[in-house]
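The values are calculated or read from the model by the stated rules, or taken from the named source; none is laboratory data. Because the structure is predicted, anything quoted here is derived from the model rather than measured. Virtual Cβ from ideal backbone geometry, glycine too; neighbours counted across all protein chains shown.
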Amino acid sequence: MDNRVQYLCNNCNKSQVIVFTPEFKELYLKDRDTNGLALYTHIHQCTSGFLGANNLQIDHNLDVRSYHFLKLPKYQQKSSMAVLGTPRIKKTKMIKMTHILEKNDLNIIIENKISDYAIQVGTISFDKTSPIKTIKSDSELIIVQYYYSNTMYSSQIELWFELLIENLESLLPSKLGVMIEVLKFILEERRDFPSPLDKSIIQMIFASHDIFFEVISDISPDFLVEAYGDAEGSTMIKILDIIKNDLMVQLHSLVITLKEDIVFIIYCMLLLEVHGLINIHRPGIIKE
């Protein structure tokens, strides 16, 4: 029996695919109603990049018998509360980073109006300078202000930051640590225009706490080392061994265990996926 559930979301008109491992089927689809249908809520990136949710009624063959779209609360600016007639000024939490790489390559402010936080990278003298470029998300809830930096502003940099803000509206403040990895990746690759592979890598970095894997085929370790060299081959072998012992291991945990750069780990995993050795489950990421 196929372990894939596929349906068309009527809200964004995009085909959605959910892959259930046997463990996930048992966990999420074991409770059924009198008609033998299980309720599963599928969350995905829907229209305008916002998250959308569908309540699916799934039968024992993993066919979607019916579903309805859940309208999530629309974002509204929080109103200031008054205490004894004095308005309270809402203050955005500012997180400061002196640098991303060894030297100060970047002076930017990234503001997330949804979660009321802003990240300042570099040293900025606000009384002496102003942003040379401001980039906003479609909803204008994510704003990037680019100040004069050693990394000069260019059309390439603008495309990289447009790619960055595409993913920020759904990022929880508790996961801001992955932002450093994304900015580091952008700085290292900034001299080229972002490719579809770069977009996939950035999405996987942002989802690193949620992505999980399964081994679907075995292969000779010698083949991987001969095909890709000792560094990549040996890392791929270690990844396969870890996943075999822990089906629910997350990408974020693998990076910590292997003590390797997250982009290198993702690259090795994409190679394993291309060879049909593992499945990469990417909740919330729509593969175009």
Restricting segment 275-285 to residues that are under 26 Å from Ile43 (Cα atoms) and of a type in the set (A, V, I, L, M, F, W, C), the residue that is modelled with the lowest pLDDT: Ile285
Val5 modelled with pLDDT of 70 or more, β-branched (Val, Ile, Thr) and either assigned by TED's automatic domain parsing to the domain that holds Glu162 or farther than 30 Å from Lys184 by Cβ (or both): yes
Answer from Ile266, Ile280, Ile256 - the residue that is under 24 Å from Trp160 (Cα atoms) and under 18 Å from the mean Cα position of the chain (by Cα): Ile266
Candidates Ser174, Ser200 - the one that is closer than 29 Å to Tyr117 by Cα, assigned by TED's automatic domain parsing to the domain that holds Ile110, small (Gly, Ala, Ser) and modelled with pLDDT of 80 or more: Ser200
Members of segment 47-70 found to be modelled with pLDDT under 75 and not aliphatic (A, V, I, L, M), listed by number: Thr47, Ser48, Gly49, Phe50, Gly52
Candidates Ile165, Ile216, filtered to the one that is within 25 Å of Leu141 (Cβ to Cβ) and touching a residue at least 24 places away in the same chain (Cβ under 8 Å): Ile165
Tyr28 at pLDDT below 75, under 25 Å from the mean Cα position of the chain (by Cα) and surrounded by 14 or more Cβ atoms within 10 Å (Cβ to Cβ): yes
Scan of segment 210-244 for residues that are at pLDDT below 85 and of a type in the set (S, T, N, Q), ordered by number: Ser217, Ser220
Residue that is surrounded by the fewest Cβ atoms within 10 Å (Cβ to Cβ) [pool: residues in segment 102-136 that are among the aliphatic types (A, V, I, L, M) and over 27 Å from the mean Cα position of the chain (by Cα)]: Ile132
Segment 231-253, residues that are over 16 Å from the mean Cα position of the chain (by Cα) and hydrophobic (A, V, I, L, M, F, W, C): Ala231, Met236, Ile237, Ile239, Leu240, Ile242, Ile243, Leu247, Met248, Val249
Meets criteria (under 22 Å from the mean Cα position of the chain (by Cα), farther than 26 Å from Thr21 by Cβ and of a type outside the set (Ser, Thr, Tyr)) for Glu214: no
Failed item, numbered, when Thr257 is tested on (1) within 28 Å of Ala118 (Cβ to Cβ); (2) outside the structural domain of Phe161 (by TED's automatic domain parsing); (3) among the polar types (S, T, N, Q): (1)
